[in-house]
Amino acid sequence: EWAEEAGWEHLQGDQLPRDEHDVAVEEWFREALLALNPELVDDPESADLVIHELNQAVLDAHNGLVAANERLTVMLRGDYAFPTIAGKHVPRRLIDFENLKSNRFVVADEVTITGAVKARRFDVVYYVNGFPLVVAETKTPVKQAVSWVNAAKDIHDVYEDEYPNFFAPNVFNVATEGLEFRMGPIRAVPDPDSEIWAPWGSTED
């Protein structure tokens with residue numbers, strides 16, 4: 001509801017135009033790629049090279065999530081030079097940081113991912129131009145023995161371990177039991193005394 005009030009589109013996970021083994025929504029990030037880099041409209045082969053490199057970076061998370069995340073961060077910020085069919089390397093914009101309204105913001109709940117030993121379902125996922133940038137795990141607020149730490153453990157011990165590729169483009173994760181609301185980067189160890197899983201606060205600084 002907060003996201004919708006801020007202008008995000010809300011979809012159920014099974015309404016996303018993606019196969020359950022896909023990390024990103026290719027239809028959306030292809031649209032954004034062509035809209036933000038209009039020179040690619042008449043150069044579909046170079047556009048395909050960009051998409052191939054993005055998909056490869058996502059798959060590389062199985063060889064090391066932190067390194068893959070660092071690489072995707074550079075790409076998503078527009079600081080990475082992608083190859084072209086002509087043999088050059090050109091930076092491409094994947095997110096419009098100047099005119100935010102030209103991006104597609106979608107919040108989806110109950111997003112299923114398959115491909116590992118067991119299918120998993122993320123409670124809430126925030127997509128920007130088809131890339132899952134935030135994953136939120138929620139727990140019940142009525143069980144005294146359950147806290148945000150349980151949600152953070154699920155992210156760290158289960159989801160990131162089994163599906164590191166889903167977290168390759170991640171900006172941060174959210175863990176909450178409805179009472180405390182914590183945020184942390186990928187591979188943040190869920191320790192109740194740690195400052196890495198920080199309480200949600202002001203964005204002014």
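The values are calculated or read from the model by the stated rules, or taken from the named source; none is laboratory data. In this text the structure is predicted, and so the values were computed from the model without any measurement. Neighbour counts run over all protein chains shown; Cβ positions are idealised from the backbone, glycine included. Side chains included, ligands, DNA and RNA excluded: accessible areas come from the protein's heavy atoms. Shrake-Rupley method; radii C 1.70, N 1.55, O 1.52, S 1.80 Å.
What's the longest piece of the chain with no exposed GluC sites (Glu not before Pro), counting a site as exposed if DSSP puts it in a loop and it has at most 15 other beta carbons within 10 Å?
99-194
Give the accessible area for ARG187 in Å² (nearest 10); use a 1.4 Å probe, count only protein heavy atoms, and leave out ligands, DNA and RNA.
90
When the Cα centres of the stretch 132-154 and the stretch 63-91 are compared, how far apart do they sit, in Å?
Between the Cα centres of the stretch 132-154 and the stretch 63-91 lies a distance of 32 Å.
Tell me the label-point distance for the pair ALA145, VAL66, using the 7 Å Cα-to-Cβ offset, in nm and rounded to one decimal.
3.4
Just reorder VAL124, VAL142, VAL23 by solvent-accessible area, largest first, 1.4 Å probe, all chains present.
So, going from the largest accessible area down, we get VAL142, VAL124, VAL23.
In square angstrom, what is the accessible area per residue of the stretch 14-111 with a 1.4 angstrom probe?
On a per-residue basis, the stretch 14-111 sits at 56 Å².
Once the whole set of protein chains is in place, how much accessible area is left on TYR127, using a 1.4 Å probe, in Å² to the nearest 10?
Its heavy atoms expose roughly 0 Å² to the probe.
Carbon-plus-sulfur fraction of the accessible area of the chain, 1.4 Å probe, in percent?
Carbon-and-sulfur percentage of accessible area, whole number: 50.
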